[in-house]
Amino acid sequence: MENIRIIRTNSPKQKPDEKALGFGAIFTDHMFVMDYDIEDGWHNPRVEPYGPFAVEPSMMVFHYGQAIFEGMKAYRNKNGDPVVFRPLNGIARLNRSAERLCIPQVDEKLVWQGLKTLLDIDKDWIPTAEGTALYIRPLIISMDCSLGVRPSHTYRFFIILSPVGAYYAEGIKPVKIYVTDEYVRAVKGGMGFAKTAGNYAASLYAAEKAKEKGYTQVLWLDGCQHKYVEEVGTMNIFFKIDDTLVTPTLEVGSILGGITRDSVVTMAEHMGYKVEERLISIDEVYEAHKQGRLKEVFGTGTAAVISPVGVMCWDDNVIEINNNEMGEFSKLIYNKITGIQRGTEEDIFGWVKNIYE
Ligand SMILES: *Cc1c(COP(=O)(O)O)cnc(C)c1O
């Protein structure tokens, strides 16, 4: 494996107040970087001071959007060692996104090595207050300076780190979601399964419209028939109908395969719940509600882990779920998964990786 060069900062920053972190606004002292070109492949892996780098207005990423990213979290275990939740799943997904966007594959072992090296250097930035974490953001961008439409020949890979506050500083409050059948996030054959900048750009307009109407997030339906549920905002979605958990199947190709989604499916099955990964139409959701069988709805993602849905609006039809309170199952699965992340629950699936092991 290639040696990772280390260039330390001469001017370490003041650590922030753990009580006022917010999300993704503060960055640590260092970042991991490597470069790609046709002759050398990925090369020059290094940890260097976090900071600006030179770009040109002609750089391809600004025009044609070859940009992918990941999101994970690091914590400290009981011994104070940095641990990361399911990092290898995130790195593998980065390569799946890369393939879809014609970005060259990375060496997954080298990326994990790079992340471990970076976390070791910036470990003092991992916050310890309840609910806080160090958010990890790997990303790859195309760097050719050219306006021709084709895959870039040069790329840069970064991992940057951001201490983040408790997502639920004021306790978990259910969100209000607006079902849009006007706008779509992704379509079959498109890039929905990839974690790419363009999907987020495509989602902003509908999200702003929903906010104007007083809703927190958009619930996306499939791009062809505007019928089947796909995701909620930038999270996967689960419905608890009677005692069964239903979540949209990834087979449609337009849904991002969340690692939290997979963790919920795995954990719920382990706890003896029936889980169905299948098509679920918005009609079925409303019908289940009408019959009193829609017990809980929640989103899943790295940032919030579990985000209960309290109110849904579809076609001017507003329904309230579980009296607009977080449900029993949502609480249980939230405690299980965050417990594993923080080391207070046994890590039965081997999800937590210590950077020193
Ligand atoms: C990242 C992301 C998710 C959640 O994935 P996790 O791995 O659980 O964080 C869901 N949907 C979209 C569109 C995403 O980008």
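The values are calculated or read from the model by the stated rules, or taken from the named source; none is laboratory data. Quick caveat, the model's predicted, so the values are computed rather than measured. Methodologically, a virtual Cβ is constructed for each residue, glycine included, from the backbone with ideal geometry; neighbour enumeration extends over all protein chains shown.
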Subject >> Residue list for segment 86-111, filter: in contact with a Gly (Cβ under 8 Å, 6 or more places away or on another chain), closer than 18 Å to VAL33 by Cα and within 16 Å of the ligand (Cβ to nearest atom) >> reply: GLY90
**OP:** Inspect segment 280-295 for any residue being within 23 Å of MET72 (Cα to Cα) and of a type in the set (Ser, Thr, Tyr) and give the result as yes or no.
**Re:** no
**OP:** Could you tell me whether segment 171-185 includes any residue that is within 30 Å of TYR286 (Cβ to Cβ), assigned to a loop (DSSP other than H, G, I, E, B), within 13 Å of the ligand (Cβ to nearest atom) and touching a helix residue (DSSP H, G or I) at 6+ places or on another chain (Cβ under 6 Å)?
**Re:** yes
Subject >> From SER152, SER146, SER142, residue being more than 30 Å from ASN79 (Cβ to Cβ), touching an Asp or Glu at 6+ places or on another chain (Cβ under 6 Å) and at pLDDT 95 or above >> reply: SER152
Subject >> Enumeration of residues in segment 282-303 that are of a type in the set (Phe, Trp, Tyr) and away from the ligand (no atom under 16 Å from the Cβ) >> reply: TYR286
**OP:** Determine whether PHE193 is within 29 Å of ARG342 (Cα to Cα) and in the same structural domain as LEU94 (by TED's automatic domain parsing).
**Re:** no
Subject >> Residue that is surrounded by the fewest Cβ atoms within 10 Å (Cβ to Cβ) [pool: residues in segment 159-191 that are touching a strand residue (DSSP E or B) at 6+ places or on another chain (Cβ under 7 Å) and of a type in the set (Lys, Arg)] >> reply: LYS176
**OP:** Select from segment 240-264 the residues that are away from the ligand (no atom under 16 Å from the Cβ) and either outside the structural domain of ASN199 (by TED's automatic domain parsing) or surrounded by 15 or more Cβ atoms within 10 Å (Cβ to Cβ) (or both) and list them in ascending order.
**Re:** LYS240, ILE241, VAL246
